[in-house]
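The values are calculated or read from the model by the stated rules, or taken from the named source; none is laboratory data. The shown structure was predicted, so the numbers you read here are calculated from the model rather than taken from an experiment. Quick reminder, even Gly has a Cβ in these numbers, built from the backbone with ideal geometry, and neighbours come from all protein chains shown. With ligands, DNA and RNA removed, areas are computed over all heavy atoms of the protein, side chains included. Shrake-Rupley method; radii C 1.70, N 1.55, O 1.52, S 1.80 Å.
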Amino acid sequence: MAGPAPIPLEDAQARLLSLAQVLPVERVDVESALGRFLAEPLLARRTQPAAHLSAMDGYALTKDDLSGPWQVIGESAAGHPFTGTLQKGEAVRISTGAIMPADAAVVVLQEDLKREGDRITLTGDLPEPPHRHIRPCGMDFTAGHQVLAEGVRIGPAHIALALSAGHRHMPVRRMPKVAVIDSGDELAADPETCPTHQIPASNGAMLVSLVSPLPVDARRIGPVPDTLEALIGAFDEAADCDVIVTSGGASVGDHDLVRPALERWGARLDFWRVAIKPGKPILVAKRERSDGGTQIVIGLPGNPVSSMVTAYHFVLPLLRAMLGAARPLPMPISTVLDAPLRAIGHRREFLRGYWNGKSVMPMTLQDSGALSSLAASNVLIDRPAHAPAAAAGEAVRVFLLENGGIA
Ligand SMILES: Nc1nc2c(c(=O)[nH]1)N[C@H]1C(S)=C(S)[C@@H](COP(=O)(O)OP(=O)(O)OC[C@H]3O[C@@H](n4cnc5c(N)ncnc54)[C@H](O)[C@@H]3O)O[C@H]1N2
Ligand code: MOO
């Protein structure tokens, strides 16, 4: 069977994302929200700074008394504000982060003053403009205003911002349950005792690792032999999952049983075959569960690089969409080639490469079975269908892989 004509990547991604249902909201401790996606806009419950603060260590003065000398009459330290009144000819010692005395409007750096006992005289420059070293009340945010948008992925600074804005908890989406099924008679579960007619099952572990930086509850099933019964048994094992990912058995061979097994299991095929290389035989199906929930199955091609590339462009975006991400699809960056590339055929290609921060070197070995060059890569070079040959120095788009970093 030849199969349907492959559809363009963007169309396939749009179809998949239209199947995605955003998961229900739950509230979590802000401190454990790293990597989650904010489910509702977060409004500040307080103003920050809550008062005018000094941004430097020095002395606070009133605004029209800038020639000195001045008498030091007290101190405003962080956490211990000065509560008295400040007159002309007087100064308050002030530290970084401390509240400005009510009557003060200028902070002179201690480096620009000489102190003898409680008397200070100007030896350097006055601040220009005079309020330069003051952080005004509400500079960062004010109560009632939005500090974080819905769909933002929570990183370290978002955690600090949410706490500063007065939140101990934040709303996020429930973690999706994901099952990854390795399938194929040739797959050995134990890599240490793998005979010549088999290969160690490696895609399942790779795919679970790929999704693990996202807030998901992912597990691996298999390896499962090439029979309809075994595959249906594996799907049954994943009956509690929101997303099921298979690898292998997606193509047109006699032993490629994922599509018939899905049909028998009660899933409906949405699309099969996308015009990308590697990864053409990818399929997407949907199943309505008896409890009213929906399961999405993504059948990835078995070649390890095809599995990785299709998981990058389909599985990760689907999970991000279900988690409520504002931007589920990956964004490429632009760089230049270190070596020439050949012309491209009718399928858009994603070539493996190493990006050093300035330019990208394509891997010599581009076979979709080559894990060695995949592991040495940190980007996918995006070559459009029918692109002519490209010379070294030409601009290309690359997608950054989270593949062990760039060290
Ligand atoms: N006549 C045709 N043959 C093929 C076509 C086609 O259009 N016509 N498409 C080719 C393309 S493109 C791809 S990609 C592969 C994908 O096929 P399958 O998804 O059916 O994958 P398998 O045949 O099961 O396996 C391919 C390859 O990958 C190894 N593999 C599979 N699963 C794992 C795993 N879990 N861990 C490690 N390695 C795995 C498997 O042993 C094979 O070597 O089909 C082409 N054929
Ligand atoms: O599309 Mo296949 O994934 O070239 O190897």
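Please arrange Glu237, Glu31 by accessible surface area, largest first, computed with a 1.4 Å probe and ligands excluded.
Numbers: Glu237 115, Glu31 150 Å².
Result of the area sort, largest leading: Glu31, Glu237.
Using Cα pairs under 8 angstrom and six or more residues apart, how large is the relative contact order of the chain, in percent?
Working: 955 pairs, mean separation 63.7, N = 407.
Reported as a whole number, the value is 16 percent.
GNM on the chain, C-alpha springs below 10 Å: top fluctuator among Pro127, Pro49, Pro278?
The residue with the greatest mean-square fluctuation here is Pro127.
Just to confirm the filter: which trypsin sites (Lys or Arg not before Pro) across region 54-101 are DSSP coil and have at most 15 other Cβ within 10 angstrom of their Cβ? Walk me through the numbers before you get to the answer.
Working: sites: Lys63, Lys88, Arg93; in loops: Lys63, Lys88.
Sites meeting the loop and neighbour criteria: Lys63, Lys88.
Could you let me know the centre-to-centre spacing of region 328-407 and region 135-213, using Cα atoms, in angstrom?
First find each Cα centre; the distance between them is then 25 Å.
If you take the square roots of the eigenvalues of the alpha-carbon gyration tensor of region 53-135 and sort them as a ≥ b ≥ c, do you get rounded (a/c under 1.5), prolate (a/b over b/c) or oblate? Show your work: numbers first, answer last.
Details: a/c = 1.38, a/b = 1.16, b/c = 1.18.
Rounded, because the longest to shortest axis ratio a/c is under 1.5.
What is the sum of charges around Ala205, taking Lys and Arg as +1, Asp and Glu as -1, for the other residues whose C-beta is under 12 Å from the C-beta of Ala205? Walk me through the intermediate numbers first.
Numbers: positive: Arg219, Arg220; negative: Asp182.
Here the count lands on +1.
Please list log₁₀ I(q)/I(0) at q = 0.09, 0.10, 0.11, 0.12 Å⁻¹ for the chain, using the Debye equation with identical point scatterers on the alpha-carbon positions.
These q points yield log10 I(q)/I(0) values of -0.69, -0.77, -0.85, -0.94.
Please report, ordered by residue number, every helix of the chain (full DSSP H runs) that is 15 Å or longer along its axis going by C-alpha atoms and whose mean Kyte-Doolittle hydropathy reaches 0.0.
9-19
If I model a spin label at Gln71 and Thr85 as a point 7 Å from the Cα along the Cα→Cβ vector, what separation in nanometres do I get?
Each label point is offset 7 Å from its Cα along the Cβ direction, giving 1.5 nm.
Return the distance in nm (one decimal) between the two label points of a simple spin-label model at Ala395 and Lys114, each offset 7 Å from Cα along Cα→Cβ.
5.9
Which FRET efficiency, nearest 0.05, do Arg342 and Ala239 yield, Cβ-Cβ r, R0 35 Å? Please report the intermediate quantities before stating the final value.
Working: r = 46 Å, r/R0 = 1.31.
The calculated FRET efficiency here is 0.15.
Tell me the accessible surface of Cys137 in square angstrom (1.4 angstrom probe, heavy atoms of protein chains only), to the nearest ten.
Accessible surface of Cys137 is approximately 60 Å².
Of Ile232, Ile298, Ile181, which has the largest mean-square fluctuation in a 10 Å C-alpha GNM of the chain?
Checking each option, the largest mean-square fluctuation is seen for Ile232.
Mind telling me which of Asp185, Asp236, Asp118 comes out most flexible in a GNM of the chain, alpha-carbon contacts under 10 Å?
Asp118
Mind listing the long-range amide H neighbours of Asp270? Cut-off is under 5 Å, sequence gap 5 or more, other chains count too, H placed in the peptide plane at 1.01 Å from N.
Result for Asp270 returns Val284, Ala285, Lys286.
For region 147-294, report the % of Cα-Cα distances exceeding 20 Å. Before the final figure, lay out the partial values.
Values: 6311 of 10878 pairs.
Of all Cα-Cα pairs in region 147-294, 58 percent lie more than 20 Å apart.
Using heavy-atom solvent-accessible surface (probe 1.4 Å) with all chains present, what is the largest-first order of Met361, Met100? Present the calculation step by step, with values, prior to reporting the outcome.
Working: Met361 85, Met100 20 Å².
Listed by decreasing accessible area, they come as Met361, Met100.
Treat each spin label as a single point 7 Å out from the Cα along the C-beta direction, and report the Ala50 to Met331 distance in nm.
Distance between label points: 3.5 nm.
Apply 1/(1 + (r/R0)^6) to the Cβ-Cβ distance of Ser290 and Arg27, taking R0 = 35 Å, and write down the FRET efficiency to the nearest 0.05.
Details: r = 29 Å, r/R0 = 0.83.
E(calc), rounded to 0.05, equals 0.75.
Run the reach check for Lys358 against aspartates and glutamates, Cα to Cα strictly under 14 Å, same-chain hits fewer than 8 apart removed. What comes back?
Straight-distance partners of Lys358: Asp338, Glu394.
For region 333-404, what is Rg from Cα atoms divided by 2.2 N^0.38 Å, rounded to two decimals?
On the way: Rg = 11.3 Å, N = 72, 2.2 N^0.38 = 11.2 Å.
For region 333-404, the normalised Cα radius of gyration is 1.01.
Suppose R0 equals 51 Å; then what is the FRET efficiency for Ser202 and Arg168 from their Cβ-Cβ distance, rounded to the nearest 0.05? Walk me through the numbers on the way to the answer.
Values: r = 42 Å, r/R0 = 0.83.
After rounding, the FRET efficiency stands at 0.75.
Which lysines, if any, have their Cα less than 19 Å from the Cα of Lys286, not counting same-chain residues under 8 positions apart?
Lys177
Could you check what % of the DSSP bridge pairs in the chain are antiparallel, to the nearest 5?
Working: 54 of 82 bridges.
Bridges in the chain are about 65 percent antiparallel.
Give me the lysines in straight-line cross-link reach of Lys88: C-alpha distance below 18 Å, same-chain residues under 8 apart excluded.
Lys63
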